[in-house]
Each structure stands twice: as C-alpha cells, then as structure tokens.
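Report on the structure given below.
The values are calculated or read from the model by the stated rules, or taken from the named source; none is laboratory data. Since the structure is predicted, the reported quantities are computational estimates derived from the model, not experimental observations. FYI the Cβ positions are ideal-geometry reconstructions off the backbone, even for glycines, and counts take in every protein chain you see. Side chains are part of the model used for accessible areas, which takes the heavy atoms of the whole protein and leaves out ligands, DNA and RNA. Shrake-Rupley method; radii C 1.70, N 1.55, O 1.52, S 1.80 Å.
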Amino acid sequence: MYAQMIKSEATQDDPEKLAAFQARIDAGEKIEPKDWMPEGYRKTLIRQIGQHAHSEIVGQLPEGNWITRAPTLERKAILLAKVQDEAGHGLYLYCAAETLGVSRDEITEMLLDGRMKYSSIFNYPTLNWADIGAVGWLVDGAAIMNQVPLQRTSFGPYSRAMIRICKEESFHQRQGYDAIRKMAEGTPEQKKMAQDALNRLWYPSLMMFGPSDKDSVHSAQSMAWKIKMNTNDELRQKFVDQTVPQAEYLGLTIPDPDLKWNEERGHYDYTDPDWSEFFDVIKGNGPCNVDRLAARNKAWDDGAWVRDGLLAHAKKKAARQHAAE
Amino acid sequence: MKNEWPLWEIFIRGQHGMSHRHVGSLHAPDAEMAIKNARDVYTRRNEGVSIWVVEANHIAASSPSDKGPLYEPSESKVYRHPTFFDIPEEVGAM
Ligand SMILES: [Fe+2]
Ligand SMILES: [Fe+2]
C-alpha cells in the first residue's frame, strides 16, 4: 500500500503495562500522543505514517508531470486540485507522525537520504495522458481500499488524518475514471492508449498492497495493535473484485489471461504480480527511483533560502515588536 | 537543517454560529503565514469561515494520568443533571 512492508518493532516493556495497553486497543479506545504506549508501537507508527506521508508527497511527481499538458483547461484545473490535495494529505500525515516525537526535518531527511521509503507505485512513469486517468482510477482506488479501514486505526492522530483524507479521496478516483472513460469511449487510437495504460499499471497497482500474506511476516503485531486493519491479500482481492467490472464497463481488458470469476469463493481468481520486480523496485531499481529522489532533494535544496529567509524575517519582526513593548 | 519553522495548532470555525474546532497542525514561520497555510491545507472545500492559529508550544494540556482526579469527582454528582428531579406532571413543562 502507501505503506508497504512495515516491519513491526519488537517491544520490551513492562508486561503489565503492555497488557493494559492491549486491553485499551481491544476495547476500541483511541491512543493519544501523551498516553503511555509501547516503544515498538511508537516506532512502527512513525515508520508507517512517515512512509504514507512520503508517498503522498512523492506521488505528486508523476501527476504533476502532466499538469501543464492536460488536454483541456478543465482537466488541468481538476488535476491541479487533485495534486494539491495530495500535498495536503502529506501534511496531515507528517503532523500525525510528529505527535510521536519525530521532527519534520528528521523525517524529511530520512526520505531524502533513502532511509525511509515511499510506495513502490510512484517509481513507475506516467508516459501520456491516459496514464493520468489510470493513476486516478487504479492507484487512488487501491489507496482508498487501504485508507478506509485505517480510519478506525487505534492511534488518534493517524485515524483523524485518515478521515480527512478519505473525504477527499473519492474525488481523486472518480476524476481518474472519468478521464480514462473519455478515452475508452473516444477514437480507436484513444481507446488503445487507455488499454495500454491499464496494461502497464495493473500489476504495479496490485503490488501496492505489498507481498502476499504467506511472505508477509510483520503483520500479526501490527494487526493486534490496530495499525494494520486487513491483510495484504484481503485488500488486494477486494481491489480486484471492485475493479474488474469497472474495466468491463470501459470495454478494456485486464491484462491477466487467468482472471476469472470463482463462483465457489465468490471472488475473482487473478494472477499475482511478479514479486521479484516488486522487490527490485523497493531496492531502488524501478524505472523512476533515481528521478523521484533527485526531484525531492532538488526541491528541498532549492527551497532552503525561502525557509531560512522567512524564519529570519519572522524573528526580526518579533524582536522589533518586543523592543517596542 | 536545524532551522525548522515552529509548529502551529489550527482551529477552524466551520460555520457561522459554531465554535472553533481543532483540525490539525502545520509549520509556518509566523502567525500570518500560519493562517495563509491553514487556509490552503484545511479549508480547500469551504470547511471554514474563520481561522485561529496558536503556536503549539504555547498550549498547556492536562496530563492523561490526571484523568482520575480531574474527572471522577463529577461522576457522583448526579443531581447536576435535570433528570435527577421528579417533577409532577400537573406542573407542566419545566
Ligand atoms: Fe492521497
Ligand atoms: Fe489521492
């Protein structure tokens, strides 16, 4: 998902306190920043919320790439609003992470030097306008699958950030579906572009949910703590079941010859993505990893004089005011 | 990188007649920029008609461990609620 393969930190706390903490979570209580919490809970959450925030921020790059080249003024305004929302999502989440005792600069630094990750999906390129439609439809669609249950997560600030985000997210998916529908219903060339976008983005979208449950070793503790609400395969299945009819409506074909409805299970059977590709992208070898990190580093470095200048101005103004009093 | 902008807590009045409610926080160099940023971050869909910003380190908060001493005393004072009193029906609305 936006947070993939989050390793749960082991916890070495007083067993009595741990049991009381778990009881609060089991009772559906929210944990707030000043409440006692196990060190492992705090560290795992910083990593998960941080990775989620970084994904929102880096996720602006593939879409921002098309703002100036949107086909109409209306599409441009819509895409701009969507990308601006993603910046907001990143900010809500950074603030939630900061309540756990990490500073904004620390967490930014960890993204910039590669110690923290963002979702694998944003290491794939957006080659043309059809990709922008497909991203909204599939990538935001997959994100929603994960974010909706996270509204009930045990950590208060994270839960509240998720509630805000979910309110904005369905606009994202709808505008994407609307854009790709226009192309699927357009000229044969446009329809071909829509199909091509689906072909390229289908498996990377399935990868967003993280490795298969049988290879995903860190889930149990996170699920007990309610910072992970469903298993990777559960969410992936839900996404496939929801997306297949949407593709059918568009007259597009999911690039999976083995995809078929399984009457007995009441779900679609589908082919897993190539996990070796996923691990390779996570390691830094996807088509855009280098570009994405370079763009974030450049933005941070280029913005330094603005951050420093505004702070210096604010301090000067405050000092002047103080002297006048 | 030790030149971080301070953190501000943001309060928004959602509609006329309502009180301001905490919606989240953000970083800004000063109050004026905090209000501008709050407008972009927290009111993109008409969520507000008024914004308050307070630098986070100026907020004093009660501690979670004080829950008992602070709130338990009121639990026994049921007579503070109107439903504690039986009023004869003949008296009419009260
Ligand atoms: Fe988002
Ligand atoms: Fe989104």
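Checking the a/c ratio against 1.5 first, then a/b against b/c, what shape does the Cα gyration tensor give for segment A:118-224? Oblate, because a/c is 1.5 or more while a/b does not exceed b/c.
Which of rounded, prolate or oblate describes segment B:37-84 when judged by the alpha-carbon gyration tensor and an a/c cut-off of 1.5? Because a/c hits 1.5 or more and a/b fails to exceed b/c, segment B:37-84 counts as oblate. Computed on chain A, with alpha-carbon pairs under 8 angstrom and 6+ residues apart, the relative contact order is 20 percent.
Can you give the angle from 0 to 90° between the axis of helix B:31-42 and the longest principal axis of chain B, with both taken from C-alpha atoms, to the nearest 10? Long axis of B:31-42 versus the principal axis of chain B: about 70 degrees.
Quantify how much of the Cα-Cα distance distribution of segment A:61-114 extends past 16 Å, in percent.
On the way: 778 of 1431 pairs.
Roughly 54 percent, rounded to a whole number.
The alpha carbons of segment A:21-153 occupy a box of 53, 33, 22 Å along the principal axes, longest dimension given first.
Taking the charge dipole of segment A:87-218 about its Cα centre, with +1 at Lys and Arg Cβ atoms and -1 at Asp and Glu Cβ atoms, the residue from A:Ala142, A:Gly90, A:Asn123 reaching farthest to the positive side is A:Ala142.
When DSSP assigns beta bridges and you keep just the ones with both residues in the protein assembly as shown, what percent turn out antiparallel, to the nearest 5?
Values: 16 of 17 bridges.
That works out to approximately 95 percent antiparallel.
Measuring between alpha carbons in the structure, the pairs from A:Lys315/B:Lys36; A:Lys76/A:Lys117; A:Lys17/A:Lys214 lying more than 20 angstrom apart are A:Lys76/A:Lys117; A:Lys17/A:Lys214. Chain A contacts chain B over a buried accessible area of about 2100 Å², both sides summed; the probe is 1.4 Å and only protein chains count.
With a 1.4 Å probe and all protein chains kept in place, how do B:Ser25, B:Ser50 rank by accessible area, largest first? Don't skip to the end; give the middle numbers.
Numbers: B:Ser25 10, B:Ser50 35 Å².
Sorted descending by solvent-accessible area, the residues read B:Ser50, B:Ser25.
Remark: the protein assembly as shown carries 52 Å² of accessible area per residue (probe radius 1.4 Å; ligands, DNA and RNA excluded). Taking only alpha carbon atoms, the protein assembly as shown gives an Rg to Rh ratio of 1.02, where Rh is the Kirkwood radius. Mind listing, in residue-number order, the residues in segment A:90-115 that have at least 20 Å² less accessible area with every protein chain present than in their own chain alone (1.4 Å probe)? Residues meeting the cut-off: A:Leu91, A:Tyr92, A:Cys95, A:Glu98, A:Arg104, A:Asp105, A:Glu109. With a 1.4 Å probe rolled over the protein heavy atoms of all chains, the accessible area of A:Leu73, A:Leu112 falls in the order A:Leu73, A:Leu112, largest first.
If you sort the three axes of the alpha carbon gyration tensor as a ≥ b ≥ c, you get a/c of 1.5 or more for chain B and a/b no higher than b/c, which makes it oblate. The GluC sites (Glu not before Pro) of segment A:2-56 meeting both criteria, a DSSP state outside H, G, I, E and B (loop) and at most 14 other C-beta atoms within 10 angstrom of the site's C-beta, are A:Glu29.
Restricting attention to segment A:135-220, which trypsin sites (Lys or Arg not before Pro) occupy a DSSP loop and are surrounded by at most 13 other Cβ atoms within 10 Å? Intermediate results must be reported in sequence, preceding the final value.
On the way: sites: A:Arg152, A:Arg160, A:Arg164, A:Lys167, A:Arg174, A:Arg181, A:Lys182, A:Lys191, A:Lys192, A:Arg200, A:Lys214; in loops: A:Arg152.
Listed in order of number, the matching sites are A:Arg152.
Over the residues of the protein assembly as shown, the helix contribution to mean residue ellipticity at 222 nm works out to -17000 deg cm²/dmol, using -39500 (n - 2.57) for each DSSP H run of at least 4. Computed on protein heavy atoms with a 1.4 Å probe, the accessible areas place A:Ser216, A:Ser119 in the order A:Ser216, A:Ser119, largest first.
Inter-chain Cβ neighbour count for B:24-34, averaged per residue, equals 5 (cutoff 10 Å, partner chain atoms only).
In this view, the solvent-accessible surface of A:Val135, computed with a 1.4 Å probe and all protein chains in place, comes to about 10 Å². Applying a DSSP loop filter and a limit of 14 other Cβ atoms within 10 Å to the chymotrypsin sites (Phe, Trp or Tyr not before Pro) in segment B:17-88 leaves B:Phe85.
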